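Visitor: Got a structure for you, written out below as structure tokens; questions coming shortly.
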Amino acid sequence: MKKLNTKIFSFVLVLLMIFGVSSTAFAAEIDNPNNNVLGTYEIEVSISSSDDSIPYATTELATGEVSVSLIRDGNSTDVQVYLNWSGDFSINSFRFKKLTVASSNLLSSKTYGTVGTGNSYKTYNVTASTVASRYITKFTIPTDVEKAKVTVSNLQVYELVNGSWISGLLASKNITIN
């Protein structure tokens, strides 16, 4: 009987440990305050190889993300806006029709700045890479503001695998000003 109680106790203890670890990791993923991803992009990439003298071709999904960084210049009101790329495939340009940085307060929204009219694309080139960053502009944001909402319309990247502009799934984000 004592042997059975020990096994049950061990089993319950293992379950508690698994539940505790997984729920903590899950909560951290959902409530990540530094998540600054604006867009997620996917393309199909053709892969060909010959393994054991048998040639074959297949496709796989390659992904990438565009994020935004808001960087305060010291203790001043000047905040620089950067677009960043990190992905499985190389890009050499960003483009969008309108980028707006506004207060994250829903009750008293204030626009700090806008780039673009929303009618035509503004293009920003980067060195072709799977990781890239590009300065976009500088806005004046009060020093007591710690977060700002960034909205970008029609954000695209120029991917070099197929040589085309691609759109992704976009979201407006409240971004911490670093």
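Visitor: Rank by packing, highest mean first: peptides 105-112, 82-89, 118-125, with packing defined as the count of other Cβ atoms within 10 Å averaged across residues. Walk me through the intermediate numbers first.
Guide: Working: 105-112: 10.5, 82-89: 18.9, 118-125: 12.5.
Sorting 105-112, 82-89, 118-125 by mean packing, highest first, produces 82-89, 118-125, 105-112.
Visitor: If eta is 0.692 mPa s and T is 37 °C, what Stokes-Einstein diffusion coefficient results for segment 108-178, Kirkwood Rh from Cα pairs, in µm²/s? Could the numbers behind the result be given before it?
Guide: Values: Rh = 14.7 Å.
This corresponds to a translational diffusion coefficient of 224 µm²/s.
Visitor: Quick one: work out Rg over Rh on the C-alpha atoms of segment 60-142, Rh as Kirkwood radius.
Guide: Numbers: Rg = 14.6 Å, Rh = 14.2 Å.
Value, to two decimals: 1.03.
Visitor: Oh, and also: Just to confirm a number: summing +1 for Lys and Arg and -1 for Asp and Glu over residues other than Leu38 whose beta-carbon lies under 10 angstrom from that of Leu38, what do you get? The partial results should precede the final answer.
Guide: Details: positive: Lys173; negative: Glu65.
Around Leu38, the charge tally is 0.
Visitor: Okay, next question. Roughly speaking, what is the stretch gain from Ser153 to Ser133, that is 0.36 nm per residue apart minus the C-alpha to C-alpha distance, in nm to one decimal? Please report the intermediate quantities before stating the final value.
Guide: Details: separation 20, 0.36 × 20 = 7.20 nm, distance 1.86 nm.
Result for the pair: 5.3 nm of gain on full extension.
Visitor: Give, as a single signed number, the net charge of other residues whose beta carbon lies under 10 Å from the beta carbon of Asn119, with Lys and Arg counted +1 and Asp and Glu -1. List each step's numbers first, then the result.
Guide: Numbers: positive: Lys97, Lys98; negative: none.
Residues close to Asn119 contribute a combined charge of +2.
Visitor: Next up: Once fully extended, how much extra length lies between Thr63 and Ser109, figured as 0.36 nm per residue of separation less the alpha-carbon to alpha-carbon distance? Numbers along the way, then the final one.
Guide: Details: separation 46, 0.36 × 46 = 16.56 nm, distance 3.36 nm.
Result for the pair: 13.2 nm of gain on full extension.
Visitor: Now, a different point. What does the net charge come to around Tyr82 if you take all other residues with beta carbon closer than 13 Å to its beta carbon, with K and R at +1 and D and E at -1? Can you show the working numbers first?
Guide: Details: positive: Arg72, Arg134, Lys138; negative: Asp73.
Around Tyr82, the charge tally is +2.
No lab work stands behind these numbers, since they all come straight from the coordinates. Computed from a predicted structure; not experimentally measured. Cβ sites come from the backbone with ideal geometry, for glycine too, and all protein chains shown count toward neighbours.
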